[in-house]
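The values are calculated or read from the model by the stated rules, or taken from the named source; none is laboratory data. Everything numeric in this text was worked out from a predicted model, so none of it was measured. Here the Cβ is made from the backbone with ideal geometry for all residues, glycine too, and neighbour counts use every protein chain on show.
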């Protein structure tokens, strides 16, 4: 089911699962670990390259309560890796409903978030078959998904940092 009816029915059930299951539990939808993610383009329509970088993709929405709790942690992860050319953090906003905000940029500016955001990620979200929010996928430098989870809790930031650093160290040899 696509469109707003899906978000009202399926999205709310998924959000309830996030609240009940916690952010560190598994992700109920989307591509599996070991698979290649569908290609994506940034907000300017330019292809996003997964090759040679670890890419953290967070699927979120301004109107999603658990997503708002995850956003500061995505920012913290971004800040840990912002000077590392081998890591990129990208948030994909799932639709064009920005709630009380005029745009994603207004929300990001108000909260001081500086990570990359794809403001209208409806097509990407559909291609990735994301049905629960917030969803986090980590794509390895080889272009395959190496981790997936619901959101990014404050307690997940250190673990995700260790996971990415270990992955990079293992790849370096």
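Structure values in brief
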quantity	calculated
Residue in the stretch 115-124 that is in contact with a strand residue (DSSP E or B) (Cβ under 7 Å, 6 or more places away or on another chain), in a helix (DSSP H, G or I) and under 15 Å from residue 30 (Cα atoms) present	yes
Checklist (1) assigned to a loop (DSSP other than H, G, I, E, B); (2) touching a residue at least 12 places away in the same chain (Cβ under 8 Å) applied to residue 105, failing item	(1)
Residue that is over 22 Å from residue 83 (Cβ atoms) and surrounded by 14 or more Cβ atoms within 10 Å (Cβ to Cβ), where the choices are 155, 132	132
Meets criteria (surrounded by 15 or more Cβ atoms within 10 Å (Cβ to Cβ), under 12 Å from the mean Cα position of the chain (by Cα), assigned to a helix (DSSP H, G or I) and modelled with pLDDT of 95 or more) for residue 165	no
Any chance residue 147 is loosely packed, with under 15 Cβ neighbours inside 10 Å, in contact (Cβ under 8 Å) with a residue 60 or more places away in the chain and either closer than 21 Å to residue 72 by Cα or touching a strand residue (DSSP E or B) at 6+ places or on another chain (Cβ under 6 Å) (or both)	no
Breaking point among (1) closer than 23 Å to residue 157 by Cβ; (2) modelled with pLDDT under 55; (3) touching a helix residue (DSSP H, G or I) at 6+ places or on another chain (Cβ under 8 Å), for residue 60	(2)
Enumeration of residues in the stretch 78-103 that are under 14 Å from residue 117 (Cβ atoms) and either touching a strand residue (DSSP E or B) at 6+ places or on another chain (Cβ under 7 Å) or surrounded by 21 or more Cβ atoms within 10 Å (Cβ to Cβ) (or both)	78, 88, 89, 90, 91, 92, 93, 94
Residues of the stretch 41-61 classified as under 13 Å from the mean Cα position of the chain (by Cα) and either surrounded by fewer than 15 Cβ atoms within 10 Å (Cβ to Cβ) or assigned to a loop (DSSP other than H, G, I, E, B) (or both), total	1
Filter pass, residue 137 being assigned to a loop (DSSP other than H, G, I, E, B) and in contact with a strand residue (DSSP E or B) (Cβ under 8 Å, 6 or more places away or on another chain)	no
Which listed residue, of 142, 83, 95, is assigned to a loop (DSSP other than H, G, I, E, B) and under 14 Å from the mean Cα position of the chain (by Cα)	95
Residue match in the stretch 69-77 (condition: farther than 15 Å from residue 115 by Cα, surrounded by fewer than 20 Cβ atoms within 10 Å (Cβ to Cβ) and either touching a strand residue (DSSP E or B) at 6+ places or on another chain (Cβ under 9 Å) or touching a residue at least 12 places away in the same chain (Cβ under 8 Å) (or both))	yes
